[in-house]
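Right, one structure below, let's go through it.
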Ligand code: UDP
Ligand code: MN
């Protein structure tokens, strides 16, 4: 390992230790006490201090995970142990740093909890395909998932071959992943009207789970949605099938279970169309064990009815058994955002721009 890297690592560990010790001694009050002034932004506010400490430690862990040079040099095992140790320290800090939330703040989103490495593993199944928006969408999504612990990302391209730029992006993020391909069958590609988008990819994901996973929880997360990282901690505790609201969905702007006094009463969705489960793909998660107990569960190639068909294939399973997440479905933690479709870019005039940076840039875009 290079000398500078070593120094950097030692300094980083030093900072972590100092932060933890400061916490334990409970005397890290920057700028003195200003309680009662109402601005609430000083470190004297225990909640802010806890958030700052947490952020610093998260950043430290993130840097360690991302730096390939370091991981290669000091060995995966050592790095893993180090991350585990810091993770435990974080948990300990989180536990003793807990502050009671005032009643007035009850309606705000809860703070993202820290998750130990023993928490159930998350499998995120993401269909994707080559188009101008692919890399930007996956960049955004990856940089959300980089905040989530104990996660395995299945990125499955509707293509004959893997896109090299996608492979490189996935590698750079440091996220545990498998990059697979599952092209849409030709018969559906040729068909006029709506296509079963992302179905071959998701079924490939299910096949991968059946072959490789024993427990944990999986979630079909399209590449173009917007995810609050709190959602992933909600999903993790799924016993069988859990559901929650999805924003920007259908003419109602929302798709959600209807809940009365903590009890599931039905579905709210702008397009019901006789579906038993009128929900969005982004609105449910399933336990891996629950899937494994249902060897025939699969997603049908039926545009508009993919979610309903898949959830029905999980029989025996009834709507009343749904586990409600996001504070009894009172929070929106995922949005069905859709990017503007962009035309493929015009060809580069090589007589004019040969030997310029544009030749390289052109290879990065569609
Ligand atoms: N998708 C795919 N092949 C296609 C079209 C879409 O793999 O031919 C993927 C896409 O990347 C996304 C998911 O399938 O993750 C759903 O597609 P899209 O976002 O276009 O559907 P919508 O959200 O509009 O229902
Ligand atoms: Mn979409």
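No value in this document is a laboratory result; all are computed from the given coordinates. Computed from a predicted model, the values in this text were never measured in an experiment. All Cβ positions, glycine included, derive from the backbone under ideal geometry; neighbour counts span all protein chains shown.
By the beta-carbon count within 10 Å of each Cβ, the least crowded to most crowded order of 353, 301, 219, fewest first, is 353, 301, 219.
Placing a label point 7 Å from the Cα of residue 365 along the Cα-to-Cβ line, the residues of the stretch 122-148 whose backbone N sits under 16 Å from it are 131-137.
The base-10 log of I(q)/I(0) for the stretch 222-311, evaluated at q = 0.20, 0.25 Å⁻¹, reads -1.14, -1.52 [Debye formula, identical scatterers on Cα atoms, solvent excluded]. Per-peptide packing, taken as the mean over residues of other Cβ atoms within 10 Å, places 247-254, 210-217, 235-242, 359-366 in the sequence 235-242, 247-254, 210-217, 359-366 from highest down.
Taking label positions 7 Å along the Cα-Cβ direction at both residue 313 and residue 328, the computed distance is 3.5 nm, reported to one decimal.
Could you compute the FRET efficiency for residue 338 and residue 10, with r as their C-beta to C-beta distance and R0 at 56 Å, rounded to 0.05?
Details: r = 47 Å, r/R0 = 0.84.
Efficiency, from the Cβ-Cβ distance: 0.75.
Classify the stretch 148-265 from the C-alpha gyration tensor, please: rounded if a/c falls under 1.5, else prolate or oblate depending on whether a/b exceeds b/c. In terms of gyration-tensor shape, oblate.
What is the calculated FRET efficiency for residue 181 to residue 293, with r their C-beta to C-beta distance and R₀ = 30 Å, to the nearest 0.05?
Values: r = 28 Å, r/R0 = 0.93.
My answer for the efficiency is 0.60.
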